[in-house]
1. Of these, L46, L16, which one is part of a helix (DSSP H, G or I), open to solvent by 10 Å² or more (accessible area, probe 1.4 Å) and touching a residue at least 24 places away in the same chain (Cβ under 8 Å)?
2. Can you tell me which residue within region 155-164, out of those that are outside any helix (DSSP H, G or I) and open to solvent by 30 Å² or more (accessible area, probe 1.4 Å), is farthest from Q100 (Cα to Cα)?
3. Mind checking which residues of region 178-232 are farther than 30 Å from R83 by Cβ and charged (D, E, K, R)?
4. A45 versus (1) among the small types (G, A, S); (2) farther than 25 Å from I149 by Cβ; (3) in contact with a Pro (Cβ under 7 Å, 6 or more places away or on another chain): which is the lone unmet condition?
5. Of all residues being in contact with a Ser or Thr (Cβ under 7 Å, 6 or more places away or on another chain), part of a strand (DSSP E or B) and not small (G, A, S) in region 221-250, which is nearest to A34 (Cα to Cα)? Just the residue, please.
6. I want to confirm something. Restricting to region 219-256 and keeping residues that are buried (at least 18 other Cβ atoms within 10 Å of the Cβ) and acidic (D, E), which single residue is nearest to the chain's Cα centre (by Cα)?
7. Being part of a strand (DSSP E or B), more than 13 Å from the chain's Cα centre (by Cα) and not small (G, A, S): is that true of T67 here?
8. Picking from V76, V11, V21, V62, which residue would you name as being of a type outside the set (D, E, K, R), under 16 Å from the mean Cα position of the chain (by Cα) and in a helix (DSSP H, G or I)?
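The values are calculated or read from the model by the stated rules, or taken from the named source; none is laboratory data. Quick caveat, the model's predicted, so the values are computed rather than measured. Neighbour counts run over all protein chains shown; Cβ positions are idealised from the backbone, glycine included. Note: areas computed on protein heavy atoms with side chains; ligands, DNA, RNA excluded. Shrake-Rupley method; radii C 1.70, N 1.55, O 1.52, S 1.80 Å.
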Amino acid sequence: MIVDLHCHSTVSDGVLAPDQVAYRAHQNGVELWALTDHDEVGGLALAEQTALNLGMTFVPGVEVSVTFLGKTVHIVGLGIDYRSQSLIDSLRYVRAGRWQRAQRIGDALAAMGVDNALEGAVPYATNPELVSRTHFARFLVDHGYCKTIQEVFTKYLGDHAPAFVPMQWATLTEAVQWIQQAGGVAVIAHPGRYEFDALQFDHLFTSFKDCGGVGIEVVTGSHAPHQYNEYARVAKRFGLEASMGSDFHGPSEGRLDLGCLPDLPSGLTPVWNRWLS
C-alpha cells in the first residue's frame, strides 16, 4: 500500500489547492492519504470529498505548531474530527500571532536590504492568516535574492539566520490534547529537523509519550535516507508507532513528491493500521 500522511495545500503554505493535492496523490498511486496543513483545517472537507471520489482512503489531518525548549516543533494530528469547534478555536489561537510575526520578518529583511518583502510575500499566501517563512522564501527566490528555498532559509530565515523571528506557539501538552479531544492521534513530525542534543531529544520523546502522543515520522521527505533507520530505532526505544509522509508543498519544492517514499524499516508498527479495515 502506498501511504502519504503529511502534505500541504494552499490553505497553509503549499502551492496546490486541496483538491489538486488529492489529484496529484492519486496520480502518484497513493492509496491512503492525509492532508496536514499548518494550524488550519479549512481545506479538509474539499480534500476528503475529492479523495473519496478518487477511491483513496482519506485521513483528516493537521500540523500543529508547538514551542518546546524554546524551539519550534511540529505535531501532526491524524484521524481528527475537523468539524470540532474546540479544535477550530484552538488552532485560531495558534494562528493569531502570525501576522505580527510576518510584519517583524518584513522589517528584518528590510534592514538586510530586501525592500517590501511583506508586501511581496502576501500574494503567495492564499490564506492571509498564514503568511509564513515559506511565503517569504518563494518571494525571495522568484525575485532573484536566492536560487532555492533552502538557500533562503540558510541566508535569511532559518532558526539561526538574521531575519528569523521567534514565536510562542502552543505547548506540547496543549497540541496533543487538542488532537486527542478531536478524536485523533498525535505524531511528531520530521524529528530529524530539530536542533536538539541527545538529552533534549530524550526529553521531547518522553514528554510526548507522557502526554498521550503515539507516533513519530520515520520516513519523510524532510529526512535524509540515513535518518530512516535512526528514527526507526527511536520509535522502537520509546514504544512509538511509525508514520510516513512526503511533507509535499509543491511540485518543484522538497526532496520527495507525493507518495514517492521508500518502505518503513522492518519491525515497526505503522500508525496507519488504525484506518485500515
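1. On the way: L16 fails: part of a helix (DSSP H, G or I).
After applying the criteria, what remains is L46.
2. Start the filter on region 155-164 by keeping residues that are outside any helix (DSSP H, G or I), which leaves 158-164.
Now restrict to residues that are open to solvent by 30 Å² or more (accessible area, probe 1.4 Å): 159-160, 162, 164.
Details: D159: 18, H160: 20, P162: 17, F164: 13 Å.
It comes out as H160.
3. R193, E195, D197, D202, E230
4. Just one mismatch for A45, condition (3).
5. If we take residues in region 221-250 being in contact with a Ser or Thr (Cβ under 7 Å, 6 or more places away or on another chain), part of a strand (DSSP E or B) and not small (G, A, S), then M244 is nearest to A34 (Cα to Cα).
6. Result: D247.
7. Working: part of a strand (DSSP E or B): yes; more than 13 Å from the chain's Cα centre (by Cα): yes; not small (G, A, S): yes.
Yes; evaluated as a whole, the condition is true for this residue.
8. Details: V76 fails: in a helix (DSSP H, G or I); V11 fails: in a helix (DSSP H, G or I); V62 fails: in a helix (DSSP H, G or I).
So the residue among V76, V11, V21, V62 that is of a type outside the set (D, E, K, R), under 16 Å from the mean Cα position of the chain (by Cα) and in a helix (DSSP H, G or I) is V21.
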